[in-house]
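Data block below; observations after.
Only the coordinates and a few stated rules stand behind these numbers; no lab work does. Because the structure is a prediction, the values reported are computed rather than measured. Positions of Cβ are backbone-derived with ideal geometry, glycine not excepted, and every protein chain shown enters the neighbour counts.
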Amino acid sequence: MSPRARIIALILTAQTVANVGPLGIPAIASLIRADLGLTLAQAGSFLSAYYIGPALVSLPAGTLVDRWGVKRMLVLGQIVIAVGLLAASTASSFVPFTLLLIGAGFGYGILNPTSTKAVIGWAPITQRATLVGVKQVGLPLGGMLGAALLPALALAVGWRRAVVVSAAVIALGAVASLLVYHDPPDAPLPPVIPGSRGAVASVLTSRDLWLVSLATAIFAAMQTVWMSYLVLYLQGAVGLSLLAASRLLALAQLGGMTGRVLFGLLSDRLFGGRRRLPLVLAGIGSAVCTIIIASTGAGASTTGLSVLTFLFGVVGIGWNGVQQTWMAELAGPRAAGTAVGLGLGVASAGVTLGPLAFGYVVQAVGGFHGPWLALAACIALALGGLFLVRERHRPW
């Protein structure tokens with residue numbers, strides 16, 4: 001195996017195991033809800049809580065990656081996630097469980113911009129979005145494994161021990177990163193131009209970076225609403241069992257795995273390195289899937305739901321690698337980690353606020369139909385922002 005393939009495989013593994021526990025928690029939300037005595041909105045807020053951490057630390061973590069390097073931040077991020085999940089497994093009520101999930105999310109806020117900068121550093125320029133997309137497969141792959149494995153494990157040994165197992169696997173990923181990762185041997189940075197702004201200032205004053213970040217925050221909110229409420233919706237409104245609904249959540253994550261590679265290939269090859277068009281297609285597709293699920297109800301076809309959830313996974317989860325690549329390219333090599341951190345931080349705010357708002361609206365109106373349609377309508381704002389970005393073709 002070549003050094004590049006070995007490093008990409010390592011980072012994909014780290015991304016995957018880091019998401020098994022956190023993204024598998026919605027699949028066992030009904031068990032946690034029953035044990036801790038939670039409301040529907042509280043049970044649907046777990047991912048929102050987890051992504052508070054990335055919202056707060058992704059930008060400073062990206063800056064630290066630019067300054068301190070990838071390896072130590074890669075290991076640190078995984079350790080923080082593992083410790084946070086281990087502590088969360090001991091919680092006896094909603095508040096400590098939520099606070100500990102937030103703590104675990106700090107680790108993901110460190111890991112994600114770090115792994116993106118690592119892949120961009122190792123990737124040939126003509127394969128950036130594709131390889132970042134491959135790296136980002138770890139999120140839906142971890143989510144798929146979590147949705148497929150955690151319910152069965154939790155039913156067998158309890159949800160607390162299931163979460164402990166997921167934390168232990170993440171800790172093993174940290175050890176592997178410490179032993180295997182190294183920077184590419186031929187990655188010189190361009191010289192610093194006298195009088196130029198620092199990485200943080202250049203990123204925070206960039207109109208285009210803010211437009212991409214805010215637009216994809218809406219994408220991220222839609223994605224996480226689906227991931228947070230799909231099982232609860234399918235159980236409550238459609239009448240599926242926990243295991244049947246969890247299998248559809250896993251199928252959506254499988255679609256996300258497919259989409260992250262597909263959108264990277266489309267961006268790098270079919271669209272010649274352009275990043276806007278794949279994101280526009282993802283946004284339109286996500287809105288259409290959300291409108292369709294709003295029309296489902298009791299007695300809905302399992303086959304139809306399977307197709308729908310898979311397709312949403314492709315378009316609603318698959319865009320992420322293209323977005324991170326575009327942020328890094330807009331910023332340039334010296335500020336790539338900071339720019340990716342900004343995008344992840346703003347997206348994480350959408351991830352946090354979206355499911356919370358959705359859950360409370362569902363409770364307020366007494367159903368899912370209107371909230372699903374409102375969620376789909378929000379995508380128009382995101383598309384408008386993307387069309388204002390001044391796209392530059394592979395600037396470095």
Could you please state, rounded to a whole Å, how far the C-alpha centre of segment 49-84 is from the C-alpha centre of segment 211-230? 20
In vacuum, with every alpha carbon of segment 18-71 counted as one equal point scatterer, what does the Debye formula give for log10 I(q)/I(0) at q = 0.18, 0.19, 0.20 Å⁻¹? Two decimals, please. -0.68, -0.72, -0.75
Alpha-carbon spread of segment 257-358, three principal axes, descending order, Å: 54, 35, 18
Take every Cα pair under 8 Å in segment 302-396 that's 6+ residues apart, average their separations, divide by the length, and report that relative contact order as a whole percent. 29
If you average 1/r over every pair of different alpha-carbon atoms in segment 136-184 and take one over that average, what Kirkwood value in Å do you get? 12.2
Based solely on C-alpha atoms, express the radius of gyration and the Dmax of the chain in angstrom. 19.7, 67
How big is the dipole moment of the chain about its Cα centre under a simple scheme where the beta carbon of each Lys and Arg is +1, that of each Asp and Glu is -1, and everything else is neutral? Debye, nearest 20, please. 620
For segment 149-287, alpha-carbon Rg and Dmax in angstrom: 21.1, 64
Looking at the chain as a GNM with Cα springs under 10 Å, which of Pro26, Pro185, Pro151 has the largest mean-square fluctuation? Pro185
Rounded, prolate or oblate: which fits segment 349-396 when a ≥ b ≥ c are the square roots of the eigenvalues of the alpha-carbon gyration tensor, with rounded for a/c under 1.5 and prolate only if a/b beats b/c? prolate
Taking only the alpha-carbon positions of segment 1-119 as identical scatterers, the Debye log10 I(q)/I(0) at q = 0.14, 0.17, 0.19, 0.23 Å⁻¹ comes out as -0.59, -0.80, -0.94, -1.22
Expressed in nanometres to one decimal, the distance between label points 7 Å along Cα→Cβ at Val180 and Ile125 is 2.9
Using Cα atoms only, what is the angle between the long axis of helix 52-68 and the major principal axis of the chain, expressed in degrees (0 to 90) to the nearest 10? 20
For segment 259-323, averaging the sequence separation of alpha carbon pairs under 8 Å that lie six or more residues apart and dividing by its residue count, the contact order in percent is 59
GNM of the chain, Cα pairs under 10 angstrom: of Tyr229, Tyr360, Tyr50, the biggest fluctuation goes to Tyr360
For the chain, what does the helix formula give at 222 nm: sum of -39500 (n - 2.57) over DSSP H segments with n ≥ 4, over the residue count, nearest 500 deg cm²/dmol? -25500 deg cm²/dmol
Does anyone have the angle between helix 159-180 and the longest principal axis of the chain? Alpha-carbon axes, 0 to 90°, nearest 10? 10
Restricting to Cα pairs under 8 Å and 6 or more apart, the percent relative contact order of segment 102-177 works out to 15
To the nearest 10 degrees, how steeply does helix 138-157 sit against the main Cα axis of the chain, on a 0 to 90 scale? 30
Distance between segment 243-296 and segment 334-396 - C-alpha centres, whole angstrom: 15
Find the percent of Cα-Cα distances in segment 66-155 that exceed 21 Å, and round it to a whole number. 45
